[in-house]
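Have a look at the structure below before the remarks.
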Amino acid sequence: GLEHFVYIGTVASYGYPYKSLPLLESDFFQGVPHAGEYGYAMAKRFGYDLANSLKLNGTTVSYAVMTNLYGPKDNFNEKTGHVIPSLISRGLSAKKESKKLEVWGSQGDSRDFLYSEIAATRILQILNSRDEVLINVRSGVERKVFEVAEFIANYLSLPGISIKSGAVNAIHNRTLSIATLENLYGKINPNFEETLSTTIDWLVKNLNSSRH
């Protein structure tokens, strides 16, 4: 009796090296994902076929390709969390020791960061419209990881940031085209600094009960 299903995929599933940036939905299955996240990325890509199998029972299906998320109740583990939750957790650890916030990677690294509530809004838009699409979901603003780290360090009154080069086998730049998303459902102002502050404040208040 399931009428419509929205599968939550990941930008990590795009084939690497990338054909172009920002990433286009038409290139989603071109090549295999980056070796550093291959297992996770392929598992989520296989979900595309699994979700589509529901069509045999009359269900319509959408496939949402999500970018880097952050928000309250996230996974704040310094090693296994997404970029922003990990930075916030590392920042709180640094604050206890009056140290700088350690940032992994290269100074030019960038991502698109999407607040959890905006992601939820987009998912509901796709669900309610019942559009049968593979569609990229992002905030629409590319940000340098080091600039985000500097904001977190300043917000927590840390003495600055330090660079740990070569700490991760990372993809340096990754953004998604959301021309289809905005054409179908309009634009949403990400209010990045406000939502990032909200996320930091939530973890400070819920550190003992959070996932980390």
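The values are calculated or read from the model by the stated rules, or taken from the named source; none is laboratory data. Keep in mind that what you see is a predicted model, and the values were worked out from it rather than measured. Cβ: placed from backbone, ideal geometry, glycine included. Neighbour counts: every protein chain shown. The accessibility values were calculated without ligands, DNA or RNA, using every heavy atom of the protein model including side chains. Shrake-Rupley method; radii C 1.70, N 1.55, O 1.52, S 1.80 Å.
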Segment 168-212: number of residues that are touching a His at 6+ places or on another chain (Cβ under 9 Å) and either free of Cβ contacts under 8 Å to residues at least 12 places away in the same chain or not in a loop (DSSP other than H, G, I, E, B) (or both): 1
Residues that are of a type in the set (A, V, I, L, M, F, W, C), open to solvent by 40 Å² or more (accessible area, probe 1.4 Å) and more than 15 Å from the chain's Cα centre (by Cα), drawn from segment 107-132: 124, 127
Conditions first: (1) open to solvent by less than 60 Å² (accessible area, probe 1.4 Å); (2) over 20 Å from residue 125 (Cβ atoms); (3) of a type in the set (Ser, Thr, Tyr). Residue 195 passes all but one, so which condition is the exception? (2)
Checking the condition closer than 30 Å to residue 26 by Cβ and either at pLDDT 95 or above or assigned to a helix (DSSP H, G or I) (or both), which residue from 154, 128 passes? 128
Could you check how many residues of segment 1-37 are under 17 Å from residue 51 (Cα atoms) and of a type in the set (Phe, Trp, Tyr)? 4
Counting only residues that are among the hydroxyl-bearing types (Ser, Thr, Tyr) and part of a helix (DSSP H, G or I), which one in segment 10-60 is surrounded by the most Cβ atoms within 10 Å (Cβ to Cβ)? 13
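Okay, residues lined up against (1) without any contact (Cβ under 8 Å) to a residue 40 or more places away in the chain; (2) hydroxyl-bearing (Ser, Thr, Tyr); (3) open to solvent by less than 60 Å² (accessible area, probe 1.4 Å):
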| position | (1), (2), (3) |
| --- | --- |
| 96 | yes, no, no |
| 147 | yes, no, no |
| 150 | yes, no, no |
| 160 | no, no, yes |
| 164 | no, no, no |
Just one of 114, 87, 2 is on the phi < 0 side of the Ramachandran plot, in a helix (DSSP H, G or I) and not acidic (Asp, Glu); which is it? 87
